[in-house]
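For reference, the structure discussed in these notes is given below.
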Amino acid sequence: MRLWSALAALGALVLSGCSQQLPTYRYRMTVEVETPEGLKTGSSVIEVKTWNNGKGFPGPEAGGIRTQVRGEAVAINIAPGQTLFALLGSPDNPDYAAGIAMAVLLPEKPFKGGSPEVWGQNLEALQNVKGARAVPADKWPFLVRFRDVKDPKSVEEVSPDALGGDVHIKRITIEVTDDDVTSGIEKRLPWIPSMRGKLLDGTNIIFPAGSLSNKIGTGDFSAGVKA
């Protein structure tokens with residue numbers, strides 16, 4: 001088992017020390033879902049800040065690069081009373097939201113690769129990419145829904161190929177934007193403000209045999225955005 005909230009605390013500690021801030025960018029992720037009632041869409045603007053904390057350089061591994069995400073999961077109303085959420089992270093990739101824009105818009109650039117100078121140049125190049133690009137299916141975000149949105153423990157993973165009936169994802173896109181970071185997810189999930197920093201089962205410790213609610217937390221739905 002491991003302490004989930006310790007990751008956020010460690011990040012804050014690193015960023016509080018001597019560090020160099022690299023270019024910050026924002027991107028919009030849009031999810032389009034085909035349903036019997038027509039096309040349903042949802043989008044979210046996410047901000048990524050990047051620092052070089054001065055450790056791990058020079059060398060091929062960018063161990064000194066740290067990122068901080070501010071934004072929310074994409075919410076798509078696929079049917080009355082049914083909302084699909086595309087998360088900022090997943091049990092296997094908690095840094096998903098920090099790296100997906102680079103992976104899609106500048107796929108030839110390694111995430112956190114190279115020296116701080118090279119990484120800073122990559123971030124500047126990213127901000128100059130125009131238009132929306134499709135996210136390859138193998139890089140789609142982790143998808144979930146709730147049997148009861150008032151109960152965080154009722155979360156369940158949703159396979160893109162098993163949304164039910166004639167419902168399927170048409171495409172997911174990413175584009176760089178200067179729009180405001182998305183907020184307000186607590187209107188859909190009212191338990192988020194009182195559970196910040198916790199897993200969806202209300203604990204802080206991840207157990208190997210735990211349920212999905214023990215493997216994802218409020219930070220996968222809302223990061224750095226206050227109600």
**Message:** Multiplying the sequence separation of Ser211 and Gln21 by 0.36 nm and subtracting their Cα-Cα distance, what value in nm do you get?
**Reply:** 64.7 nm
**Fill in**
Projected onto the charge dipole of the chain (unit charges on the beta-carbon of Lys, Arg, Asp and Glu, signs +1, +1, -1, -1), the Cα from Val74, Ala162, Pro116 with the largest positive-side position is that of Pro116
**Prompt:** What range in the chain is the longest one free of GluC sites (Glu not before Pro) that are in a loop by DSSP and have at most 13 other Cβ atoms within 10 angstrom?
**Reply:** 109-227
**Request:** Set the Förster distance to 41 Å, then compute FRET efficiency between Lys187 and Asp92 from the Cβ-Cβ distance, nearest 0.05.
**Result:** 0.90
**Request:** In nm, give the distance between the simple-model label positions of Asp148 and Thr177, each being 7 Å from the Cα along the Cα-to-Cβ direction.
**Result:** 3.4
**Request:** Report the charge-dipole magnitude of the chain in Debye, nearest 20, computed about the Cα centre from +1 at each Lys and Arg Cβ and -1 at each Asp and Glu Cβ.
**Result:** 500
**Item:** Accessible area expressed per residue, the chain, with surrounding protein chains retained (probe 1.4 Å, Å²)
**Value:** 50
**Prompt:** When the solvent-accessible surface of protein heavy atoms is calculated with a 1.4 angstrom probe, in what order do Phe207, Phe221 fall, highest first?
**Reply:** Phe207, Phe221
**Message:** Less than 17 Å from a label point 7 Å out along the Cα-to-Cβ axis of Ser159: which backbone N atoms in region 102-142 qualify, by residue?
**Reply:** 137-142
**Request:** Give me the angle, in degrees from 0 to 90, between the Cα long axis of helix 116-127 and the longest principal axis of the Cα atoms of the chain, rounded to the nearest 10.
**Result:** 40
**Asked** Which number do you get for Rg(Cα) / (2.2 N^0.38 Å) in the chain?
**Response** 1.02
**Asked** Between Glu117 and Ala134, what length in nm is gained on full extension when 0.36 nm per residue of separation is reduced by their alpha carbon distance?
**Response** 3.3 nm
**Complete:** Expressed as a percent, the accessible surface of the chain that is carbon or sulfur, using a 1.4 Å probe and the full set of protein chains, is 50
**Message:** List the lysines whose Cα sits under 22 Å from the Cα of Lys170, skipping any in the same chain fewer than 8 residues away.
**Reply:** Lys40, Lys130, Lys139
**Exposed trypsin sites (Lys or Arg not before Pro) absent - longest run of the chain, DSSP non-H/G/I/E/B, at most 14 other C-beta within 10 Å** = 151-225
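The values are calculated or read from the model by the stated rules, or taken from the named source; none is laboratory data. Everything numeric here is computed off the predicted structure, so don't read it as measured data. Neighbour counts are summed over all protein chains in view; Cβ atoms, including those assigned to glycine, are modelled from backbone coordinates with ideal geometry. Accessible surface areas use protein heavy atoms only, side chains included; no ligands, DNA or RNA. Shrake-Rupley method; radii C 1.70, N 1.55, O 1.52, S 1.80 Å.
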